[in-house]
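The values are calculated or read from the model by the stated rules, or taken from the named source; none is laboratory data. Treat the numbers as computed from the prediction; the structure is a model and nothing was measured. Note that we place each Cβ from the backbone using ideal geometry, even for glycine, and neighbour counts take in every protein chain shown.
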Amino acid sequence: MIAWPDPGTKSDPLLMVEGFDYSSLRQYEFEDGRVPDYLKEVYGIEAQSGINIQKVLRGDIIFIDSQHSPGIQAVDLVVSGILRCLRRQFSDNEKSAVILWKLMLQEKHNAPPLKLISFANDQHVHKGVAKLVRIMSVNCKALIMVS
């Protein structure tokens, strides 16, 4: 079963799959009695445990050279392919969008797995890029929700 949090709520913030081993996350959990009070004060949530995001961000992060990891190589190839496609640098960007996005899963409620972020003042997406994003959204794998 995949447990999806409802967007905009704080009651179930982590995506967890029943039966998976999350023991490696224990090092990032709050110590007993150290869970932030604001969760109860602001949101009315009585949290007994949780992940300390500061430990995750400031912890012992290792950046692995992709030459030594086939998994990292695969991620590098997919991400650089998506970036290249959105920059419209393939000879056939539409075909590339279809191929790349067949590797992706839709988000909950058929939302596309790609969210565009811009730091520019102009928030309009070039119509060619918007078309590629629509192609990608149509071609990603549907997420099957199991209860």
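Hey, can you tell me all the residues within the stretch 57-85 that are of a type in the set (Gly, Ala, Ser) and free of Cβ contacts under 8 Å to residues at least 24 places away in the same chain?
Step one: of the stretch 57-85, the residues of a type in the set (Gly, Ala, Ser) are 59, 66, 69, 71, 74, 80-81.
Listed by number, the residues that qualify are SER66, SER69, GLY71, ALA74, SER80, GLY81.
Of the numbered conditions (1) in a helix (DSSP H, G or I); (2) in contact (Cβ under 8 Å) with a residue 12 or more places away in the chain; (3) of a type outside the set (Val, Ile, Thr), ARG88 fails exactly one; give the number of that condition.
The single condition ARG88 does not satisfy is (1).
So LYS115 fits all but one of (1) closer than 18 Å to VAL138 by Cα; (2) loosely packed, with under 10 Cβ neighbours inside 10 Å; (3) at pLDDT 85 or above; what number is the exception?
Only one criterion in (1) closer than 18 Å to VAL138 by Cα; (2) loosely packed, with under 10 Cβ neighbours inside 10 Å; (3) at pLDDT 85 or above is unmet by LYS115, namely (3).
On the basis of being at pLDDT 85 or above and of a type in the set (Asp, Glu), does ASP122 make the cut?
no
For the stretch 44-74, enumerate the residues that are in a helix (DSSP H, G or I) and exposed (fewer than 12 other Cβ atoms within 10 Å of the Cβ). If you could, list the steps in order and put the result at the bottom.
Initially, the stretch 44-74 is screened for residues in a helix (DSSP H, G or I), giving 53-58, 66-68, 70-74.
Passing the criteria: ILE53, GLN54, LEU57, ARG58, GLN67, HIS68, PRO70, GLY71.
What are the residues in the stretch 88-104 that are exposed (fewer than 12 other Cβ atoms within 10 Å of the Cβ) and at pLDDT below 90, if any?
Matches in the stretch 88-104: LYS102 only.
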